[in-house]
Amino acid sequence: MAQHDYINKKPAGRNSKKQAPAKKPFPTLLVMIALLLVGGFVYGLWFIKNNADPKLVEKQANPTPAKKVEVAIPRTPEFIKEIREHEIQVEVKEIEQKGPYVMQCGSFKTHAQAESLKAKIAFAGLISEIKEAKGSNGIWYKVRLGPYKTKRQAESDKNKLKRVKIVGCGIWGWT
């Protein structure tokens with residue numbers, strides 16, 4: 001069987017010649033309008049140039065310097081002067097410090113658990129210590145921070161520990 005070329009084969013029964021699109025006429029009307037507009041613009045510029053007032057042209061070419069206007073500074077009212085000179089005396093009371101504070105973050109039965117919490121606190125940038133306490137129910141290992149002079153310092157460190165997910169620390173007066 002002979003091979004057929006289906007790609008380049010022209011379909012039968014169709015008119016293979018296409019009609020060429022009709023040529024558009026030259027837009028003479030638009031060209032005339034454009035020429036009239038450009039001519040009117042050129043005439044307008046020429047008219048302005050030749051009929052300008054020579055005094056105004058000279059004034060625009062060489063402007064005179066503007067006169068300086070002095071602004072009067074308003075005077076300050078008397079009560080404002082009195083307020084500035086007035087002196088207020090305030091009695092400052094010394095706040096009593098209740099004593100040094102200590103923060104305890106955990107109490108564990110094994111020393112390894114206490115060391116683990118101490119390491120986490122060290123990663124937060126704080127120094128802690130492990131205290132061994134003997135009680136009626138055995139030995140406990142307490143993880144403590146401090147002593148702090150003020151409770152505000154202890155609260156500041158407690159907030160640092162909260163940011164690294166160490167919660168449950170208590171602040172007590174140091175005895």
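Every read-out reported here was derived from the displayed coordinates using simple, explicitly stated rules and does not represent laboratory data. All of these numbers come straight from a predicted model, not from anything done at the bench. Don't worry about glycine lacking a Cβ; one is built from the backbone with ideal geometry, like all the others, and counts go over all protein chains shown.
Annotations
- Among 106-119, 57-70, the order from most to least packed when residues are scored by Cβ within 10 Å on average: 106-119, 57-70
- Equivalent-ellipsoid semi-axes for the stretch 62-108 (Cα gyration tensor, √(5λ), whole Å, largest first): 64, 26, 5.
- Charge dipole (debye, nearest 20) of the chain; +1 at Cβ of Lys and Arg, -1 at Cβ of Asp and Glu: 1520 debye
- Helix 28-50 and the longest principal axis of the C-alpha atoms of the chain enclose an angle of approximately 80°.
- The chain: angle of helix 151-163 to the longest principal axis, Cα-based, in degrees nearest 10: 60 degrees
- Entries in 98/158; 118/151; 131/165; 93/160; 118/149 that, when Cα-Cα distance is taken, lie over 26 Å: 93/160
- Label point distance in nm, residue 162-residue 84, each placed 7 Å from Cα along Cα→Cβ: 4.6 nm
- Per-peptide packing, taken as the mean over residues of other Cβ atoms within 10 Å, places 42-51, 82-91 in the sequence 42-51, 82-91 from highest down.
- Only Cα sites of the stretch 91-156 enter the Debye sum here, all with the same form factor; the resulting log10 I(q)/I(0) across q = 0.13 1/Å is -0.45, listed in q order.
- Between the residues 137, 101, 83, the greatest Cα displacement towards the positive end of the dipole of the chain, with unit charges on the Cβ of Lys, Arg, Asp and Glu, is found for 137.
- When the P(r) of the stretch 34-175 is calculated, the portion above 25 Å amounts to 65% of the C-alpha pairs.
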